[in-house]
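See structure below.
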Amino acid sequence: LRDQGPPGLALIQELRTHGFLIEMGFLDENHPEKSANYFRSWQDRFQTHDRHEAQARCLASTLQFDHCWWVEEHIQNTDKTYWTLMTRIRIPAYYHDPHTHQEYLFFPRIALDAPALLNGYRRYPLGNGRDFSPAEIDLLLNAFLATREGVHWQAGDILLVDNIRYGHSREAFSGPRSLGVAMAGMFSTEHMQSP
């Protein structure tokens, strides 16, 4: 980003000042289009069928969510109402490693698809709620492409990724594939001060 001159430096300052947000929603398990959504339902995620209890459990998960709220959805041509539990967390854009004393940028996720039922209404704006501009998205994509490292997979391969040091994505592919993911060494930003 620094190599991209004043626009890149301005974006670095925006990230340092505001951090960024991650917003996403958990649909009702009975929503008629739930099968099109690849996230768990709020009933499954929060292990209850009671909306008040689900929201209380969400709000109690302070390491995962800063705010939780309900969005009501009326299905056309029916008298049915479904509720989506929306969540938000604000995280700092930078991590200071206490062991190496190095500073790392948490590379913000760049959603090229708009918030929709399919993706859990996910948004990834700056920490002040402002969406990244098209020019800022270009800056981030150019920085990502300039520093990427590729891995060529073969059947049976195992790849360990330090998710703090490396962003990740995949290239386009064709044909079937099956991929398993396991997370370890969960990271908390609780000890970090918000910008």
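The values are calculated or read from the model by the stated rules, or taken from the named source; none is laboratory data. Just so you know, these numbers come straight off a predicted model, no measurement behind them. No Cβ is skipped: glycine too gets one built from the backbone with ideal geometry, and neighbour counts run over all protein chains shown. When the accessible area is computed, the model is the full protein with side chains, heavy atoms only, and any ligands, DNA or RNA have been set aside. Shrake-Rupley method; radii C 1.70, N 1.55, O 1.52, S 1.80 Å.
Within the option set Glu73, Glu53, being assigned to a strand (DSSP E or B), over 29 Å from Pro134 (Cα atoms) and over 20 Å from the mean Cα position of the chain (by Cα) holds for one residue only, Glu73.
With (1) charged (D, E, K, R); (2) loosely packed, with under 12 Cβ neighbours inside 10 Å; (3) within 28 Å of Pro134 (Cβ to Cβ) as the list, and Arg88 as the residue in question, which single condition is left unmet? For Arg88, the failing item is (2). Take Asp131 and tell me if it is open to solvent by 40 Å² or more (accessible area, probe 1.4 Å) and within 17 Å of Phe20 (Cα to Cα). The answer is yes for Asp131.
Picking from residues in segment 25-58 that are at pLDDT below 95 and hydrophobic (A, V, I, L, M, F, W, C), the one that is nearest to Pro108 (Cα to Cα) is Phe39.
Note on segment 85-137: residues that are more than 17 Å from Leu11 (Cα to Cα) and acidic (Asp, Glu) amount to 2. Is it true that some residue in segment 25-34 is within 29 Å of Leu139 (Cβ to Cβ) and not small (Gly, Ala, Ser)? There is no residue in segment 25-34 that is within 29 Å of Leu139 (Cβ to Cβ) and not small (Gly, Ala, Ser).
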